[in-house]
Amino acid sequence: MKGLIFHLAMLRGKTPISAKYGKPFWLRFRRRSKLLFRELAPQLPDLGKSLFAFNFQFAPAYAAWYLALAEMQLNTESINQIIWLLNERLVTRIPRPLPCTRQAKPISTGSAARLPRIWHASNGASCTRGTG
């Protein structure tokens, strides 16, 4: 799971980070964060079936990104923005129904545009059904 989180976020973050900072920056960041991730990930202890086990899987990716960017001498604000972007690009790939699957209707074969939106975080609702 740790590797999937890291690699999917990196894949999704490549275009916006390259556009803002340039391809050489992206290549340096990718190379260094990958090395750090490979070093840190095996050190992550197994939390078993803990409530925090899933969230804990993000730790090596965040640490690798932070350390790589700090080594590249970015300021704290830039580091925060890049990690935020990587996290955002990762979680926006998770289908919306997943946070409240207990309320989701079975998905039939049909257009995704016709499926109801069942979670809308921007209005503060945790799990609501609706079309908008």
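The values are calculated or read from the model by the stated rules, or taken from the named source; none is laboratory data. Keep in mind it's a predicted model, so treat the numbers as computed, not measured. Cβ sites come from the backbone with ideal geometry, for glycine too, and all protein chains shown count toward neighbours.
Worth pointing out:
- Here the condition is being in contact with a Ser or Thr (Cβ under 7 Å, 6 or more places away or on another chain) and touching a residue at least 24 places away in the same chain (Cβ under 8 Å); of ALA64, ALA41, ALA9, it holds for ALA64 alone.
- Within the stretch 8-53, if we keep just the residues that are of a type in the set (A, V, I, L, M, F, W, C), over 17 Å from LEU74 (Cβ atoms) and assigned to a helix (DSSP H, G or I), the residue that is modelled with the lowest pLDDT turns out to be ALA53.
- All of (1) of a type in the set (D, E, K, R); (2) modelled with pLDDT under 90; (3) part of a helix (DSSP H, G or I) hold for GLU77 with one exception: (2).
- Residue tally, condition under 12 Å from the mean Cα position of the chain (by Cα) and farther than 16 Å from GLU88 by Cβ, over the stretch 2-21: 4
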